[in-house]
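Working notes, beginning with the structure itself.
The values are calculated or read from the model by the stated rules, or taken from the named source; none is laboratory data. Small disclaimer: the values here were computed from a predicted structure and weren't measured. Here Cβ is always computed from backbone atoms with ideal geometry, including for glycine, and neighbour counts include all displayed protein chains.
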């Protein structure tokens, strides 16, 4: 795109408005592909008209109006017009016929929750978590297929196919582009939060490759979290997740050394932690608590992160409070992964033997068979208890399980130090 001021304004406006524009159009047309096409048509129209007429006073509204006109023209031309009218008419008013004038009036309705509806549709449980993540990054985040493939260390063809299959699955399932109501909201919201946190975690602790962290993915998840918090300000778990991501992201710059090597939490330079993100996270956590969500899974995890954020030095960390929070989290969200974190907290609060007892109790769980943090934690407990030979074997076992090169190097380094 050319670099003149008008084209820069068009580019910036489209980048900002794209997700909401697609959300509005998808809700109207019930077709994600068509919505994307209409949004692109509006962009091309702006590129043709704005350089001559000037940037409109409300460029976002201009793009939406242009896309709506294209949608109406398309329905008028389409041989499927009557079927579309009947579908929308059945939803709104039973089985009565709908004229094109009725349809135009519907397009001008204040739909309100368009963007939130798009997020819920993209994160629908009918899709796999990986498909939900890719589709959300494409539709809501505006990332290109190339950018998503690079972020997840996949190839473009695989990501493109995943997104295409996801769109078809949504269409086949008749997923509505709207926010669930009543009892349907809680399980669907859990799916949305799961996807956003999946995206964040892949950025915070890359599962494979040579990079320890992928900050752009964290930033995108944080942006999605902020959007959700703005659209659902009274949902404590939304705020809990946002708090968790903001506080965790504050440590990104300190998680790796100058050479890219992994730096454990207890050894990080806390002067490199982003205090602005910590303040944002603590504020979101306070709001989640005020709304009665202190015992929500994400709020509890945020409270754990807050304990570290408040400690000016590693030795100031309140491990007994962290252990107590993990005890609560294990009740609210019982899982083998939480159990490993709880064992680490207890080992720091009450000694390595306490941690060993807890990890030995869960070591046989099938879900942890290939989970590198389990033998890594056991190795740490053994080393601190003075059992160097056993610790070395545990670290080596953990290194064999991880696909991240930086994490593997760190674990092998700990194994070597046990000699």
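For segment 397-417, how many residues are outside any helix (DSSP H, G or I), touching a helix residue (DSSP H, G or I) at 6+ places or on another chain (Cβ under 9 Å) and over 23 Å from residue 345 (Cβ atoms)?
First, pick out the residues of segment 397-417 that are outside any helix (DSSP H, G or I): 402-404.
Checking which are touching a helix residue (DSSP H, G or I) at 6+ places or on another chain (Cβ under 9 Å) leaves us with 402.
Then drop every residue that is not over 23 Å from residue 345 (Cβ atoms), which leaves none.
Matching residues across segment 397-417 total 0.
Hey, among 394, 361, 377, which residue is farther than 22 Å from residue 328 by Cα and either out of contact with any helix residue (DSSP H, G or I) (no Cβ under 6 Å at 6 or more places or on another chain) or in a helix (DSSP H, G or I) (or both)? Walk me through how you get there before you give the answer.
Working: 361 fails: farther than 22 Å from residue 328 by Cα; 377 fails: farther than 22 Å from residue 328 by Cα.
Of 394, 361, 377, the one residue that is farther than 22 Å from residue 328 by Cα and either out of contact with any helix residue (DSSP H, G or I) (no Cβ under 6 Å at 6 or more places or on another chain) or in a helix (DSSP H, G or I) (or both) is 394.
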Among (1) touching a helix residue (DSSP H, G or I) at 6+ places or on another chain (Cβ under 6 Å); (2) without any contact (Cβ under 8 Å) to a residue 12 or more places away in the chain; (3) over 23 Å from residue 402 (Cβ atoms) - the single one residue 149 does not satisfy: (3)
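Suppose the filter is assigned to a helix (DSSP H, G or I), modelled with pLDDT under 95 and crowded, with 17+ Cβ neighbours inside 10 Å; does residue 238 pass it? Quick ask: steps written out before the conclusion?
Numbers: assigned to a helix (DSSP H, G or I): yes; modelled with pLDDT under 95: no; crowded, with 17+ Cβ neighbours inside 10 Å: yes.
Criteria not met by residue 238.
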Those residues of segment 125-139 which are buried (at least 23 other Cβ atoms within 10 Å of the Cβ) and within 11 Å of the chain's Cα centre (by Cα), in sequence order: 132, 133, 134, 136, 137
Which numbered condition residue 334 fails, given (1) more than 22 Å from residue 402 (Cα to Cα); (2) surrounded by 14 or more Cβ atoms within 10 Å (Cβ to Cβ): (2)
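If I ask for residues that are part of a helix (DSSP H, G or I) and surrounded by fewer than 22 Cβ atoms within 10 Å (Cβ to Cβ), which ones from segment 207-217 would you list? Let's see the steps before the verdict.
Of all residues in segment 207-217, those part of a helix (DSSP H, G or I) come to 215-217.
Listed by number, the residues that qualify are 215, 216.
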Lone unmet requirement of (1) more than 12 Å from the chain's Cα centre (by Cα); (2) over 17 Å from residue 138 (Cα atoms); (3) free of Cβ contacts under 8 Å to residues at least 60 places away in the same chain; (4) buried (at least 23 other Cβ atoms within 10 Å of the Cβ) for residue 245: (1)
From the options 409, 360, 327, 316, residue that is farther than 25 Å from residue 203 by Cβ and under 28 Å from the mean Cα position of the chain (by Cα): 327
Subset of segment 250-295 that is touching a residue at least 12 places away in the same chain (Cβ under 8 Å) and touching a strand residue (DSSP E or B) at 6+ places or on another chain (Cβ under 9 Å) - its residue that is nearest to residue 309 (Cα to Cα): 255
Of residues in segment 380-391 being surrounded by fewer than 19 Cβ atoms within 10 Å (Cβ to Cβ) and part of a helix (DSSP H, G or I), the one nearest to the chain's Cα centre (by Cα): 384
Every residue from segment 152-179 that is touching a residue at least 12 places away in the same chain (Cβ under 8 Å) and in a helix (DSSP H, G or I): 159, 160, 162, 163, 165, 166, 167, 169, 170, 171, 173
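Please find, among 337, 344, the residue that is out of contact with any strand residue (DSSP E or B) (no Cβ under 9 Å at 6 or more places or on another chain) and at pLDDT below 95. Walk me through how you get there before you give the answer.
Details: 344 fails: at pLDDT below 95.
Every option except 337 fails the conditions.
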First in segment 207-223 and at positive phi, second anywhere and exposed (fewer than 13 other Cβ atoms within 10 Å of the Cβ), Cβ under 7 Å, 6 or more apart: none
Residue check for residue 297: buried (at least 19 other Cβ atoms within 10 Å of the Cβ) and either modelled with pLDDT of 95 or more or more than 16 Å from residue 248 (Cβ to Cβ) (or both): yes
Count - residues of segment 258-277 that are within 25 Å of the chain's Cα centre (by Cα), more than 21 Å from residue 209 (Cβ to Cβ) and exposed (fewer than 12 other Cβ atoms within 10 Å of the Cβ): 2
